[in-house]
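The values are calculated or read from the model by the stated rules, or taken from the named source; none is laboratory data. In this text the structure is predicted, and so the values were computed from the model without any measurement. Positions of Cβ are generated from backbone atoms using ideal geometry, with glycine treated the same way; all protein chains shown enter the neighbour counts.
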Amino acid sequence: MGAQLLNFWLNLLPITHDFEEAQGQYEFLSELVCSPNTLQALCGSDPNATIAQLAKIYGEAFDAKYWDYEGVKDEDVPKFKN
């Protein structure tokens with residue numbers, strides 16, 4: 001049941017209409033992805049589909065439009081490490 005709920009939620013992402021909610025959901029998703037047990041549950045029986053969905057979500061999440069609006073502080077904008 002838990003894995004099904006996670007996959008249902010994952011398929012609702014990316015959020016494109018509410019920037020503040022999107023940021024919160026992407027932060028929560030990142031915490032889940034960094035947890036080995038949760039990542040395994042997210043991948044379920046079709047890891048390739050999950051990886052494709054994660055790529056879609058993070059591709060949208062790092063789009064500049066989410067970080068270029070009033071109210072976002074510079075320290076909140078994600079930075080890529082070299």
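Filtered by the rule that a residue be touching a residue at least 40 places away in the same chain (Cβ under 8 Å) and touching an Asp or Glu at 6+ places or on another chain (Cβ under 9 Å), the stretch 8-49 gives L13, P14, T16, A22, Q23.
Restricting the search to the stretch 3-21, which residues are part of a helix (DSSP H, G or I) and in contact with a helix residue (DSSP H, G or I) (Cβ under 8 Å, 6 or more places away or on another chain)? Even if it seems obvious, please write down each step before you answer.
In the first step, residues of the stretch 3-21 are kept if they are part of a helix (DSSP H, G or I); the result is 3-12, 19-21.
The answer is A3, L6, N7, L10, N11, F19.
When N48, N82 are screened for being at negative phi, at pLDDT 80 or above, exposed (fewer than 10 other Cβ atoms within 10 Å of the Cβ) and out of contact with any strand residue (DSSP E or B) (no Cβ under 7 Å at 6 or more places or on another chain), only N48 passes.
Using beta carbons and a limit of 7 Å, which pairs, at least six apart or on different chains, have the first residue in the stretch 54-70 and over 18 Å from F28 (Cβ atoms) and the second one modelled with pLDDT under 90 and not acidic (D, E)? Every condition considered, the pairs that remain are Y69/F19. If the condition is being among the β-branched types (V, I, T) and within 15 Å of D63 (Cα to Cα), then the stretch 1-48 contributes I15, T16. Selection within the stretch 20-41: residues that are over 12 Å from L10 (Cα atoms) and among the small types (G, A, S). The member of this set that is surrounded by the most Cβ atoms within 10 Å (Cβ to Cβ) is A22. When the residues of the stretch 22-41 are filtered to those that are among the hydroxyl-bearing types (S, T, Y) and part of a helix (DSSP H, G or I), the one that is nearest to the chain's Cα centre (by Cα) is Y26.
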